[in-house]
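What follows is one structure encoded as structure tokens, with my remarks underneath.
The values are calculated or read from the model by the stated rules, or taken from the named source; none is laboratory data. Everything numeric in this text was worked out from a predicted model, so none of it was measured. Cβ atoms come from the backbone with ideal geometry, glycine included; neighbour counts cover every protein chain shown. Quick note on the areas: whole protein, heavy atoms, side chains included, nothing else; ligands and nucleic acids left out. Shrake-Rupley method; radii C 1.70, N 1.55, O 1.52, S 1.80 Å.
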There are 2 protein chains.
Amino acid sequence: MIKGVLLDLSGTVYEDDKLIPGALEAIEPLHASGFPVRYLTNSSRIPRNKILSRLQGMGFTVHAEQIFTAPAAIQDYLREHSLTPWLLIHPDIEEEFTEFHGQSPDAVVVCDAEHAFSYENLNRAFRLLIDGASLLAVGDNRYFKQAEGLSLDAGPFVRALEYAVDCEAIVLGKPSQAFFHAAVAQLGCKPSEVLMIGDDVYSDINGALKAGLKATLVRTGKYRPGDEGKIVEPGASVCDDLLEALRDFQA
Amino acid sequence: MIKGVLLDLSGTVYEDDKLIPGALEAIEPLHASGFPVRYLTNSSRIPRNKILSRLQGMGFTVHAEQIFTAPAAIQDYLREHSLTPWLLIHPDIEEEFTEFHGQSPDAVVVCDAEHAFSYENLNRAFRLLIDGASLLAVGDNRYFKQAEGLSLDAGPFVRALEYAVDCEAIVLGKPSQAFFHAAVAQLGCKPSEVLMIGDDVYSDINGALKAGLKATLVRTGKYRPGDEGKIVEPGASVCDDLLEALRDFQA
């Protein structure tokens, strides 16, 4: 019944630059057997080529086109709509946006900017938005897990700007249906034949369910006891980790 | 019918350190005739004694006890509930919170911290909140007017933390009913006998109406065309400025 799998990365496959125990043993047999797998991440602190080399360095047989990142979805949207962005993003992914430089920005792009979320930058974004710029966001994830603890993701800053301006952001990563469906299409499956696995009950699980996919919440990464109760639609399961979540798909 | 007046400060009486034209001529006759007037502000970038000396320097016959500030309401709440705060506030008002220093904070206090709204500080606040600390906020004002343009107020950062943690802030300044009613009680009036005048349609106008007061929105400060349409209850009027709003109360 499940013909393809979508995997979240941070908190599901790795945390910072460390593999989550069991992730390689759980996933690599699927790659080896040719089972359709794609990676779907809202992470926007490191560029896509670094995500690829990190995964390959960890031992995964993965190719660039198997990784769907929310910043890449934003780049597609900027091109399609001929928008000039003002970037509230992490300095490490600026290289991905070099083609979009221009005067008179008509869009504010919000990724997980980390320390670039300064009052000065948020105020600049606010002033562009209240003058009519569009608000494009990588996601509305609340927080994620780092070695040192939970840390704020882009979502709270997106909500701050939405509230200040009384507007609604266009979210281009998870939980956007278009983002899930782009990956599902590349898998060659129908949404109902695809399982999304992740540690974020809002973006990964509720987002996938709303987009018509199946979903499994793993108790790794940012998972906190009680997250199961935040699943809003039927069709989800909960597993300890990727090993348990992918047990039925091993050849 | 109106026996007392509450006045917002920033954007209504002054902007930065400049009087809004007509404000002195509108208010000072009320002070001279003994008409009950109090000032009610969520401003938290300067301490209350500086607000007092600013007003006196502008020519107002005003005393300390006539000024109700949201940071003072937070201090009262901390004392009443024996809370130890972690402060996300502007460095210029730290002097007002010296009595509250302590280890193991069990409350996060959010005022208009301006440049102290760094990623690092917001993350620190987030981690305390997700571990169970209470969130106390000066207000939920979206923005205010400075000489250089509109600037983000505390509200968007309060919403960011509420969203990150899935909690609700205790707002102790406007639009809190308790804050309005404390000033109304000092006026010796019933709420329905008091007129609140301000430039913030949410905190000043809708807040006052919900607390049972009358309200007048002035088209100064942060006012933007269309704000009239955001008034959610009957009982409000709209005036160009304080001169027009207070015309009927001149001796």
- [ ] Roll a 1.4 angstrom probe over the protein heavy atoms and tell me the percent of accessible area of region A:71-171 that is carbon or sulfur.
- [x] 41
Task: Pairs from A:Lys145/A:Lys230; B:Lys18/B:Lys230; A:Lys50/A:Lys145; A:Lys174/A:Lys214; A:Lys190/A:Lys210 whose Cα-Cα separation, in the structure shown, is over 25 Å - done: B:Lys18/B:Lys230
Open item on the list: At most 16 other C-beta atoms within 10 Å and a DSSP loop state: those are the exposed trypsin sites (Lys or Arg not before Pro) I care about. Give me the longest piece of chain A that has none.
Closed with: A:4-218
- [ ] Give me a single rounded figure for B:160-170: the average over its residues of other chain Cβ atoms within 10 Å of their Cβ.
- [x] 4
Task: Cut-off under 5 Å, modelled amide H: who pairs with A:Val108 long-range - done: A:Trp86, A:Ser134, A:Leu135, A:Leu136
Open item on the list: I want to check the label-to-label distance for B:Gln146 and A:Glu233. Put each point 7 Å from Cα in the C-beta direction and report it in nm to one decimal.
Closed with: 4.4
Task: Mean separation of Cα contacts under 8 Å (6+ apart) over length of chain B, as relative contact order % - done: 23
- [ ] Please give the per residue volume of the convex hull enclosing the alpha carbon atoms of the protein assembly as shown, rounded to a whole number of Å³.
- [x] 151
- [ ] Report, for region B:71-171, the % of DSSP beta bridges that are antiparallel, rounded to 5.
- [x] 30
TODO: Enter the mean number of other protein chain beta carbons within 10 Å of the beta carbon of each residue in A:181-188, as an integer.
DONE: 0
- [ ] Before anything else, pin down the relative contact order of region A:71-171: Cα pairs under 8 Å, at least 6 apart, normalised by residue count, whole percent.
- [x] 24
Task: Nonlocal amide H pairs with A:Met196, under 5 Å, H built at 1.01 Å - done: A:Leu6, A:Lys214, A:Ala215, A:Thr216
TODO: Identify, among A:Gln146, A:Gly229, A:Ala182, the residue whose Cα sits farthest towards the positive end of the charge dipole of region A:108-251, taking +1 on the Cβ of Lys and Arg and -1 on the Cβ of Asp and Glu, with the dipole about the Cα centre.
DONE: A:Ala182
Open item on the list: Run the helix sum for chain A: -39,500 (n - 2.57) per DSSP H stretch of 4+ residues, divided by residue count, reported at 222 nm to the nearest 500 deg cm²/dmol.
Closed with: -8500 deg cm²/dmol
Open item on the list: How far, in whole Å, is the closest Cβ of chain B from the axis that maps B onto A, and which residue does it belong to?
Closed with: B:Ala160, 2
- [ ] Select from A:Gln103, A:Gln177, A:Gln146 the residue whose mean-square fluctuation is largest in a Gaussian network model of chain A (Cα-Cα springs shorter than 10 Å).
- [x] A:Gln103
- [ ] Could you point to the residue in A:Asn206, B:Ala64, B:Val109 farthest towards the positive end of the protein assembly as shown's charge dipole, with +1 and -1 charges on the Cβ of Lys/Arg and Asp/Glu respectively?
- [x] A:Asn206
Task: DSSP beta bridges in chain B [antiparallel fraction, %, rounded to 5] - done: 15
Open item on the list: Nearest 100 Å² is fine: what is the total accessible surface buried where chains B and A meet, probe 1.4 Å?
Closed with: 2800
- [ ] Could you run the Karplus curve 6.51 cos²θ - 1.76 cosθ + 1.60 with θ = phi - 60° over region A:95-105 and give me ³J(HN,Hα) per residue in whole Hz, x for Gly and Pro?
- [x] 4, 6, 10, 4, 5, 9, 4, x, 6, 6, x
TODO: Considering only DSSP beta bridges where both residues belong to the protein assembly as shown, give the percentage that are antiparallel (nearest 5).
DONE: 15
Task: Number of partner chain Cβ atoms within 10 Å, mean per residue of B:104-115 - done: 1
- [ ] Could you do me a favour and compute the accessible area per residue for the protein assembly as shown, 1.4 Å probe, result in Å²?
- [x] 40
Open item on the list: Limiting things to C-alpha atoms, what are the Rg and the maximum Cα-Cα separation (Dmax) for region B:71-171, in angstroms?
Closed with: 13.0, 40
